[in-house]
Amino acid sequence: MGRYLLKRLLISIPLLVLVSFCTFCLIQFSPLDPAEVVLQAQGVPQITPELVAQTKAELGMDKPFIVRYLDWLLSCLQLDFGHSYITGKSVWSLLGPAFVNTLKLTLVSIAAILLLSVALGVICALQAGKRTDQAVRAVSFLLASLPSYLLAAILVWYFSVKLDWLPTSGMDSYKSYLLPVAVTTIGYAGIYFRMVRSAVLGNLHEEFVRYSRACGLPERKIMLHVIKNSLQVTTAVFCMAIPVILGGTVVVENVFAWPGLGTLSVKAVMSRDFPLIQAYVLVLAVAFILFNTVSDVLQAALNPKLREEL
C-alpha cells in the first residue's frame with residue numbers, strides 16, 4: 001500500500017506543476033495591464049507610461065516571463081501568494097480564513113449528502129420499480145433541476161421571512177449552516193443517490209448474494225456486504241464531490257452572505273484583483289488533484305486488485 005501511495009504522489013507532482021503554470025499564464029495573458037489595475041486601485045488621478053513602468057519595476061513585472069513564474073511558484077510553495085492589488089493585504093491573510101469557512105460549509109454538506117444519498121439509494125434499490133422508488137426519483141429530479149439561487153430564495157422566504165426561524169446571512173451559530181447546507185445537499189444528493197442506487201442494484205444480482213441467501217445468512221448481514229461493496233464504487237464520486245462543492249459554493253455563499261471562497265472570488269473578479277484570483281484558482285486546482293489522489297488511495301485500500309494496476 002505504501003508503494004501505491006508513493007506512486008500516486010509522484011504522478012501528482014507533474015500535474016501540480018502544469019496546473020500552476022496554466023494558472024500563472026491565465027493572468028499574465030490577460031488583456032488588462034496589472035500595473036494599471038494597481039494604480040487605479042491606489043486612486044492615481046492620471047496614469048502615465050512612466051508610472052506604469054515604475055509600478056512594473058516595483059512589482060517585478062519587468063522580469064522575463066519564466067523568471068516571474070519561478071519566483072511566483074517558489075513563493076506559493078511557502079503560502080506566499082503576494083499582496084492584494086486592492087487592499088494591499090497579504091493574499092493568504094484573505095484567502096486562509098475564507099477557505100476555512102468554505103471548508104466548514106463543504107464538510108457539513110458532504111456529511112449530509114453522504115447520509116441522504118446512501119439512505120435514499122438503498123431504499124430505492126430495495127423498492128426498485130415500486131411507487132416509493134418512482135416517487136423519490138421524481139422528487140429528487142425536480143429538486144435537483146432547480147437553480148441554486150431559486151431554491152435558496154424559496155427557503156429564505158419560507159424559513160426566514162415567513163416563519164422567522166433561521167437567519168438569512170452570516171455564520172453566527174449552527175442555525176446559519178442549516179439553509180446553505182440544505183441548498184447544497186438538495187442539489188447534489190439528488191444526483192449522487194442515483195449512483196448509490198445503481199451500485200446497490202448491481203450488487204444485489206451478484207452471485208455472492210444468492211449464495212449467502214442459500215446458506216441461510218441473515219438478510220441484514222447480506223445487505224451490509226452489499227452496501228460495503230456498493231460504496232467501493234461510489235467512493236471516488238463522494239471524494240471528488242468535496243472539491244466540486246468547494247468550487248461550486250459561489251452562488252450559495254453570495255446568496256447567504258457566507259464569508260467564504262465564493263464570496264471572496266466574486267469580489268476579486270469584480271475588482272480585477274489578479275493575485276487573489278490566481279491564488280483562488282490554484283487552491284481549487286490543488287484541491288481537485290489532492291482529493292482525486294485520496295479517492296484512488298481509498299479505492300485501493302478497499303480493493304487490493306487496484307494496487308497492482310499502477
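The values are calculated or read from the model by the stated rules, or taken from the named source; none is laboratory data. Remember, predicted model here, so these are calculated numbers, not experimental data. Reconstructed Cβ throughout: ideal geometry from the backbone, glycine too, with neighbour counts over all protein chains shown. SASA here: full protein model, heavy atoms, side chains in, ligands and nucleic acids out. Shrake-Rupley method; radii C 1.70, N 1.55, O 1.52, S 1.80 Å.
With the requirement that a residue be among the basic types (Lys, Arg) and within 29 Å of Thr185 (Cα to Cα), what does region 69-115 give you?
Lys104
So how many residues does region 64-79 have that are surrounded by 14 or more Cβ atoms within 10 Å (Cβ to Cβ) and under 19 Å from Val286 (Cα atoms)?
Of the residues in that region, 4 qualify.
Out of Phe238, Phe193, which single residue is within 16 Å of the chain's Cα centre (by Cα), surrounded by 17 or more Cβ atoms within 10 Å (Cβ to Cβ), closer than 17 Å to Leu115 by Cβ and aromatic (Phe, Trp, Tyr)?
Selected residue: Phe238, the only one of Phe238, Phe193 that is within 16 Å of the chain's Cα centre (by Cα), surrounded by 17 or more Cβ atoms within 10 Å (Cβ to Cβ), closer than 17 Å to Leu115 by Cβ and aromatic (Phe, Trp, Tyr).
Give all pairs with beta carbons closer than 9 Å in which a residue from region 10-38 that is closer than 22 Å to Gln54 by Cα and without any contact (Cβ under 8 Å) to a residue 24 or more places away in the chain meets a residue that is basic (Lys, Arg) and open to solvent by 30 Å² or more (accessible area, probe 1.4 Å); count only pairs at least 6 apart in sequence or on separate chains.
That search, which allows pairs on different chains as well, returns Asp33/Lys56.
Pull up region 147-166, narrow it to residues that are touching a residue at least 24 places away in the same chain (Cβ under 8 Å) and aliphatic (A, V, I, L, M), then point me to the one that is most open to solvent (accessible area, probe 1.4 Å).
Of everything passing the filter in region 147-166, Ala153 is most open to solvent (accessible area, probe 1.4 Å).
Could you list all residues from region 167-197 that are among the charged types (D, E, K, R) and either touching a Pro at 6+ places or on another chain (Cβ under 9 Å) or not in a helix (DSSP H, G or I) (or both)?
Asp172, Lys175
Restricting attention to region 206-215, does a residue exist that is open to solvent by 30 Å² or more (accessible area, probe 1.4 Å), part of a helix (DSSP H, G or I) and touching a Lys or Arg at 6+ places or on another chain (Cβ under 9 Å)?
no
Evaluate region 62-85: report whether one residue or more is aliphatic (A, V, I, L, M) and either under 17 Å from Asp273 (Cα atoms) or in contact (Cβ under 8 Å) with a residue 60 or more places away in the chain (or both).
no
Tally time: how many residues in region 131-142 are exposed (fewer than 13 other Cβ atoms within 10 Å of the Cβ) and either in contact with a helix residue (DSSP H, G or I) (Cβ under 6 Å, 6 or more places away or on another chain) or modelled with pLDDT under 85 (or both)?
Result for region 131-142: 2.
Identify all residues within region 82-107 that are of a type in the set (Phe, Trp, Tyr) and either buried (at least 23 other Cβ atoms within 10 Å of the Cβ) or at pLDDT 90 or above (or both); write none if there are none. Break it down into steps so the answer makes sense when it comes.
Filtering region 82-107 down to residues of a type in the set (Phe, Trp, Tyr) leaves 85, 92, 99.
Result: Tyr85, single match.
Return only the number of the condition from (1) buried (at least 18 other Cβ atoms within 10 Å of the Cβ); (2) touching a residue at least 60 places away in the same chain (Cβ under 8 Å) that Ala257 does not satisfy.
Unmet for Ala257, out of (1) buried (at least 18 other Cβ atoms within 10 Å of the Cβ); (2) touching a residue at least 60 places away in the same chain (Cβ under 8 Å): (1).
Look at region 202-235 and say how many of its residues are touching a residue at least 60 places away in the same chain (Cβ under 8 Å) and more than 30 Å from the chain's Cα centre (by Cα).
Count: 2.
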